[in-house]
Amino acid sequence: MSAHPRPAPAGCVPLLYVITTTDFGGTESFVEHLVAGLDRRRFSPLVCSLCPPGRAGQRIAGAGVPVESLGMAARPRPRQLLVGAWRLARLIERRQVALVHALLYRANVVAAAACRLTRNRPLLIWGQHSQIATSESWWAATAARWTRPGADRIVAVASAIKDSLAAAERIPRDRIAVIGNGVEAERFRPGDGRAWRVRLGFAAESVVVGAVGRLAPEKGLRFLLEALALGRARGLPLALVLVGEGPDRAGLERQAERLGIAAHVRFLGFQRQLETLYPAFDVFAMPSLEEASPMALLEAMACGCAVVASAVGGVPEILAGGRAGLLVEPAAPGELARALAQLAAEPELRRHLAAVARARIVAGYDLPAMIRRHEQLYLSLLPAAGP
């Protein structure tokens, strides 16, 4: 797909990133940032998407990194996955790939099978960027369990994910590295959100709650709408902004109408320059039923948002056990409403949590540090590669 890939300097290690899709999403954004920041004196990256290239893939290709696609459907049948594995194996051999870094369930499974089909097996890193198979079909979860042991190393984006893998699948802990996601702390920083607040058209006294991500069942947004309705019924000036697209959008719009809060909810769809939007939020909400190391949460914290989020996956670790944001139980709109009420009533608490959140991102979730940790992992594994 890339018309003008950068020539790789002699001695560079050919790396292949395999991902299910290169459209909008946290893991897709992770790959885009990782390949952009790699040391090109040491590594020559290539990206392969199972599905046709999306927006992130187009940007990666535009930056000079080759992008390939296996042209699969969003939910391919097992036979399509086998054909895809064979095609991926040929790509690995043609490009003389030394290390494969796969991300997301289907890509992980296809990459593991492809590596076994190659003549000179490359090193394989399995990226665990989500909780274990909670929203996947049973056969995808089973295929993941069968193929995961073939990885030379597993990278979990949170300690909670590492603990789950070690306990549920008895994977030796020394085979699992934890490298959290990272954000551009200089790009995502506190700013002036007044222009966005004017565009949103809420009353001046509104406490604006924002949520960013795919509009899908696992994001728990139906519970956020219920919490908003409960809060407004108690007289709180809460307003809500939902950013993103997904299969639940129409249903969420109907729910807002049923709850009588549609006038206080804005659906903005996909937005590119989120760093200008986060500062317009008084509160960032993440009511997800499952998460690992969500990019939107890290970005909002970097922009100095006070946070309320479900205590799932790696979220409690990111929020320092509740010191950098309020934690609530998932699927509990009453508890979420109480947390929103507390933040709406206590602007000083919002300012305190915002400052702590920003400091935590700068200290532990900076993008360049995340990229360097991946490079160190690659270099630690490469001496064990075959000829």
Q. Among the chymotrypsin sites (Phe, Trp or Tyr not before Pro) within region 231-286, which fall in a DSSP loop and have no more than 16 other Cβ atoms within 10 Å of their own Cβ?
A. F270
**Q.** Set of region 149-176 residues, backbone N closer than 12 Å to the point 7 Å along the Cα-Cβ line of A331
**A.** none
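May I ask you to derive the relative contact order of the chain, considering only C-alpha pairs under 8 Å and at least 6 residues apart, and to give it as an integer percent?
15
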Q: Work through the residues other than D39 whose Cβ is under 12 Å from its Cβ and net out their charges, Lys, Arg +1 and Asp, Glu -1.
A: +3
Q: Positive end of the charge dipole of the chain (Lys, Arg +1 and Asp, Glu -1 on Cβ, about the Cα centre): tell me which of F267, G25, A256 has its Cα farthest that way.
A: G25
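Quick one: if the Förster radius is 35 Å, what FRET efficiency do S380 and A250 give, using the C-beta to C-beta distance and rounding to 0.05?
0.15
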Q) Put a dot 7 Å past each Cα toward the Cβ at R194 and R94; how far apart are the dots in nm? A) 5.6
(Q) With θ taken as phi - 60° and the coefficients 6.51, -1.76 and 1.60, list the Karplus ³J(HN,Hα) couplings across region 257-269 in order, rounded to whole Hz; mark glycine and proline as x. (A) 5, 4, 7, x, 10, 4, 5, 10, 10, 10, 9, 9, x
Q: Please check which bits of region 190-213 a label hung off Q271 would reach, taking the label as a point 7 Å along Cα-to-C-beta and the cut-off as backbone N under 17 Å.
A: 190-204, 206-213
Q: Report, by chain and number, residues whose modeled amide H sits under 5 Å from the one on V13, excluding near sequence neighbours (fewer than 5 apart, same chain).
A: F43, S44
Q) Using the Karplus equation 6.51 cos²θ - 1.76 cosθ + 1.60 (θ = phi - 60°), what ³J(HN,Hα) coupling, rounded to whole Hz, does each residue of region 111-123 give in order, writing x for Gly and Pro? A) 5, 4, 5, 4, 4, 6, 8, 8, 6, 10, 4, x, 5
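Only the coordinates and a few stated rules stand behind these numbers; no lab work does. Predicted model only: the values in this text are computed from it and were never measured. A quick note on method: Cβ atoms are made from the backbone with ideal geometry, for glycine too, and the neighbour counts reach across all protein chains shown.
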